[in-house]
Amino acid sequence: MALEEETIVQEWVNHLKDLNVETKKMFGCYCLYCDGQAVGWIHDSVLSLREVGLDYLPGDIKRPSSDDGIQELVIPLDYVSAKWLSKAVQDTADIRKDNKKITSGR
C-alpha cells in the first residue's frame, strides 16, 4: 500500500476510534466494517458510506437517486473530523444489521 493511501485510510479510522471498526483491502479500495457490517469504502481519500436513509447529514453530501446502481454517499476527507461522522457510521451498521435480520426472518 502506498504511504499516502495508508495515511488517508488511517486518518479515517483514527476519527472513528470510538467505534468497533476495521478495514480490509478489496478491489483496490478499503472496505470499512463497523461491528462486522460492511458500511462503506475508503478510496481516493473519500469515504463512500452506504445509503441507508440517514436524515441528519449535511445538505452538500450528495445522495444517490433511486435509479443509481451504486447506493452510497460520497463523504470527502474534509468531513473526517465532523461530529456526525461516527454516528453516521454506527447508524449505518445498525440499520444494515437490522435489515439483514428482517430479510433472513430472524
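Summary table
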{"quantity": "Test: residue in segment 25-44 that is open to solvent by 70 Å² or more (accessible area, probe 1.4 Å), of a type outside the set (F, W, Y), part of a strand (DSSP E or B) and at pLDDT below 95", "calculated": "yes"}
{"quantity": "Close pairs from segment 25-37: first on the phi > 0 side of the Ramachandran plot, partner in a strand (DSSP E or B) and surrounded by 12 or more Cβ atoms within 10 Å (Cβ to Cβ), Cβ under 8 Å, at least 6 apart", "calculated": "G28/H43"}
{"quantity": "Yes/no for K17 being open to solvent by 50 Å² or more (accessible area, probe 1.4 Å) and without any contact (Cβ under 8 Å) to a residue 12 or more places away in the chain", "calculated": "yes"}
{"quantity": "Residue list for segment 45-80, filter: open to solvent by less than 50 Å² (accessible area, probe 1.4 Å), among the small types (G, A, S) and part of a loop (DSSP other than H, G, I, E, B)", "calculated": "S45"}
{"quantity": "Where a residue in segment 56-69 is under 22 Å from L85 (Cα atoms) and its partner, wherever it lies, is assigned to a loop (DSSP other than H, G, I, E, B) and open to solvent by 80 Å² or more (accessible area, probe 1.4 Å), with Cβ under 9 Å and at least six apart", "calculated": "L57/R63; P64/I70"}
{"quantity": "Only one of K97, K83 that is in a loop (DSSP other than H, G, I, E, B) and surrounded by fewer than 16 Cβ atoms within 10 Å (Cβ to Cβ)", "calculated": "K83"}
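The values are calculated or read from the model by the stated rules, or taken from the named source; none is laboratory data. From a predicted model like this one, the values you see are computed outputs, not experimental measurements. Positions of Cβ are backbone-derived with ideal geometry, glycine not excepted, and every protein chain shown enters the neighbour counts. The protein model used for the area step is the full one, side chains on, heavy atoms only, and it has no ligands, DNA or RNA in it. Shrake-Rupley method; radii C 1.70, N 1.55, O 1.52, S 1.80 Å.
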